[in-house]
Amino acid sequence: MKKKVLIIILSILLILLVLFIVFRKNIFSSTPKEKTIEDMINETEENEFLVNSYSIFGTHFNINACVDKVITNETSLVLKNLTEEIDLDSNFYNSDGKTCFKISNKNNTGIDLETLIQGNYILMVKESIVEESNDKEPTVTNYYYNLKNGTQNSDLEYYTITKNGTNNKININYKNQEKIYKENKEEKKQTKNYLQFIISESKLPDNVYDIAIDPGHGGIDPGATYNLNGTTYIESNITLNISQLLKSELENMGLKVLITRDDDSYLDPYGVGGRTTIINSSNAKISLSIHMNSDYGIMKYGGVEVYVPNNIDYTLAKSFANNIAKIVGYSKNPSFKVGDGIYFKYFTPQLIEQAKQENLANGMLAYDIKEGAPYMFMIREIGGLNTMAYNDGRNAKYPKNEYYTSIQTAEPYLIETAYLNYANDLNLLVNEPQRFSEAISSALKEYLNIS
Ligand SMILES: [Zn+2]
């Protein structure tokens, strides 16, 4: 009997000893160790996706990247932290032994920065392996891949459009951390690269605006002029009038608006105080250049022409064109037309040659203009890398556009509201300018989801 009691006591002691060994870490640490973001990054796959390009154009973020292996399982792009995982639309494809993704084929679509929810996230690629089983639910195992910056560009900072007086600040940062692990009793180090999104509420700094408006021409540059019944109508005056009306309408929606000129000043195209510099340094999300058209001698067009950047989704452009067409109709100009009232004038080989000859005739060097680059400088030079801006300062006559290779730019539009030399258009431009400003502001209101 005594022997039996002894065996029981010894067994209990043995069980306690085993439990102690197994759980000693938890007994000695005051709180159980919770998983951290660092752990989450350390647990990612050894291979990383190398980012080939990324940019912010208007209100959208775009990125594409490849990994040096072919992934045949289901892949998706996610913004992830310890508690949340947000699936993002993206296109994955395999080529040349690599798996790549691209969020969008258009410059102004992709991740809508306006809709992201506050928090700290890591942008990762998720690979999901599904194992089917006859008698049970299929099991899904997820593997995560980090993103490493493979470009010369660095971190981005974005402020969302002002809504109800508030803004979010989004910091998109490339980071890395050392992972220390043991292999064959040897301590080893591995660098883990990752792409972080930090989204927090923040007031707009003084130099950050929601929208930029550029009233075309000014001062010694009147733009188009037209004489009717003894009165000379000047484009630069009418563009200023409509732009100022537009500015106050947008401000009434709670937006912070920059105007490039508020009087009849002349503005240089480039350099300090130049149009492109003012708009680019405003950090505006959308820029609008307001103009009036003219076609002396032709007299068969009239109406609205909205000039757009290359490779974009036309939702906002359509809305501008449709709203203004209700006042003056769509232009009948067939050149470079891509939709009703929507125009994309770009450099053709002929126009490149023409620009080259003009530069040479003026004693200037020719620019490296790529075929398909937007022709209108107020679109091209505002859009940086995305719209193929090219003024790199090789000609002293035009100081360098400091933003010509920028990867974070406003989405620019040039609106030829109507034709100055058409009596009906001119009458409306002069006597009912608020109809034009309201057509533009209501299109923006809808596009930006402002209540
Ligand atoms: Zn003009």
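Here are a few things to note about the model shown:
Here is a yes/no grid of residues against (1) at pLDDT 95 or above; (2) more than 16 Å from the ligand (Cβ to nearest atom):
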{"site": "A361", "(1), (2)": "yes, yes"}
{"site": "A389", "(1), (2)": "yes, yes"}
{"site": "A396", "(1), (2)": "no, yes"}
{"site": "S406", "(1), (2)": "yes, yes"}
{"site": "A410", "(1), (2)": "yes, yes"}
{"site": "L420", "(1), (2)": "yes, no"}
{"site": "A423", "(1), (2)": "no, yes"}
{"site": "E438", "(1), (2)": "yes, yes"}
{"site": "S441", "(1), (2)": "yes, yes"}
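- Residue selected from the range 270-293 under the condition of a type in the set (S, T, N, Q) and within 16 Å of the ligand (Cβ to nearest atom), by the criterion nearest to the chain's Cα centre (by Cα): S287
- Any hit, the range 401-419, residues being within 21 Å of the chain's Cα centre (by Cα) and without any contact (Cβ under 8 Å) to a residue 40 or more places away in the chain: yes
- Test: residue in the range 191-204 that is more than 16 Å from the ligand (Cβ to nearest atom) and free of Cβ contacts under 8 Å to residues at least 12 places away in the same chain: no
- Yes/no for E432 being surrounded by fewer than 19 Cβ atoms within 10 Å (Cβ to Cβ), among the acidic types (D, E), over 26 Å from K337 (Cα atoms) and in contact (Cβ under 8 Å) with a residue 40 or more places away in the chain: yes
- Top-ranked residue in the range 224-247 [being surrounded by 14 or more Cβ atoms within 10 Å (Cβ to Cβ) and without any contact (Cβ under 8 Å) to a residue 40 or more places away in the chain; ranked as farthest from the ligand (Cβ to nearest atom)]: K247
- Hey, F377 within 16 Å of the ligand (Cβ to nearest atom) and touching a residue at least 24 places away in the same chain (Cβ under 8 Å) or not: yes
- Qualifying residue in the range 343-355 (condition: under 20 Å from the mean Cα position of the chain (by Cα), closer than 22 Å to N293 by Cβ and part of a loop (DSSP other than H, G, I, E, B)): yes
The values are calculated or read from the model by the stated rules, or taken from the named source; none is laboratory data. Nothing here was measured: the structure is a model prediction, and the numbers come from that model. Glycine also receives a Cβ, built like all others from the backbone with ideal geometry; neighbour counts cover every protein chain displayed.
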